[in-house]
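Below is one structure; the comments refer to it alone.
The values are calculated or read from the model by the stated rules, or taken from the named source; none is laboratory data. These numbers come from a predicted model, not from an experiment. Heads up, the Cβs are rebuilt from the backbone with ideal geometry, glycines too, and the neighbour counts pull from every protein chain shown.
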Amino acid sequence: MLVAVRTHDYGKQPVDELAGLLKSEGIEAAQLVLPKAFSEINSYDDVTPELIERIHRNFEEGGIKIHILGCYMDLGNPEDEVRRDAVETFKKCLAWNKLLGASIVGTETAYPRLSREEKKIWYPYMLDSIAGLVEEAERLNMDMAIEPVYWHPLEDLETTAAVFEKINSSHLKMIFDPANVLEFPGVDQEACWKEWLDLLGDKIEAIHMKDFIEGPNKEYCPVCLGEGVIRYPEIVKWMNRNKPDIVVVREELNPKTAQKDILYMRELWKRYP
């Protein structure tokens, strides 16, 4: 396992300083969202070849693997202009990904929290966007990854498996975030994770790790790893058996408790060989 973070959880940092900060924290890999990660970049329009080269050089010299170039785009939006802009931005990230030496460009499939009916409406638009992006990924010989979220069009195991079956490409991968597919925390998580991993484990290129509790009104409240509802043993055992070098990204990290979470990740890894 390589311990990674979503770098913007540390706030925006200068291009020449971010890799050094991560190294000082004992972090080995990164998920970068360019406009959120760097103080020099406020939008994708600010990205230049020179900045990409500086980022690549700093991370390479710092020994930090750029595993995910996050490009979270509204791929299923029924509005043509919004969806077209999302696809074009993602294509730019695929090209930058190649220059950065990153492993995958990753995305969820929507921005808003959708109703059941909206998810059905957005689904064909999402599928069309993914199909077009996979063509570009194949052309560039790069990999992209989609992330299921229960309130998005890519909502559950059945839907996700169907998308991988329809878009049969070795360049299409998956980011697995247990918290984002756990609509009902009271379910048998061990059985749930086993079902996901048995069916789609070979597609997984990264794991997102976070934890939460439900507030008084069932609202989502992030907490340190191990202090919430997510049960990770089945997932960790699968990783140890099948993908021991997988990148695990701590999302929603609080820099003040980062070392506590990193230690928890490493100890969990050893506890379930």
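Rundown of residues vs (1) polar (S, T, N, Q); (2) in contact with a His (Cβ under 9 Å, 6 or more places away or on another chain); (3) in a loop (DSSP other than H, G, I, E, B); (4) under 22 Å from LYS65 (Cα atoms), yes/no style:
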| site | (1), (2), (3), (4) |
| --- | --- |
| GLU190 | no, no, no, no |
| TRP193 | no, no, no, no |
| VAL229 | no, no, yes, no |
| ASP261 | no, no, no, yes |
Among residues of segment 63-81, those that are surrounded by fewer than 16 Cβ atoms within 10 Å (Cβ to Cβ) and more than 16 Å from SER103 (Cβ to Cβ), counted: 4
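Give LYS203, LYS210, LYS166 a once-over and let me know the one that is basic (Lys, Arg), touching a residue at least 12 places away in the same chain (Cβ under 8 Å), surrounded by fewer than 20 Cβ atoms within 10 Å (Cβ to Cβ) and within 27 Å of THR7 (Cβ to Cβ).
Working: LYS210 fails: surrounded by fewer than 20 Cβ atoms within 10 Å (Cβ to Cβ); LYS166 fails: within 27 Å of THR7 (Cβ to Cβ).
Going through LYS203, LYS210, LYS166 in turn, the sole match is LYS203.
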Breaking point among (1) out of contact with any Lys or Arg (no Cβ under 8 Å at 6 or more places or on another chain); (2) closer than 17 Å to GLU147 by Cβ; (3) not acidic (Asp, Glu), for ILE41: (2)
Test: residue in segment 103-111 that is small (Gly, Ala, Ser) and within 18 Å of VAL149 (Cβ to Cβ): yes
Qualifying residue in segment 232-240 (condition: touching a helix residue (DSSP H, G or I) at 6+ places or on another chain (Cβ under 8 Å), modelled with pLDDT of 95 or more, among the basic types (Lys, Arg) and surrounded by 15 or more Cβ atoms within 10 Å (Cβ to Cβ)): no
Output for segment 96-128, where each listed residue is over 18 Å from the mean Cα position of the chain (by Cα), at pLDDT 95 or above and not basic (Lys, Arg): LEU114, SER115, GLU117, GLU118, ILE121, TRP122, TYR123, PRO124, TYR125, LEU127, ASP128
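Would you check which residues across segment 244-273 are among the basic types (Lys, Arg) and surrounded by fewer than 17 Cβ atoms within 10 Å (Cβ to Cβ) and list them? Before you say what the answer is, go through the steps one by one.
Of segment 244-273, the ones among the basic types (Lys, Arg) are 250, 256, 260, 266, 270-271.
Hits for segment 244-273 are LYS256, LYS260, ARG266, LYS270, ARG271.
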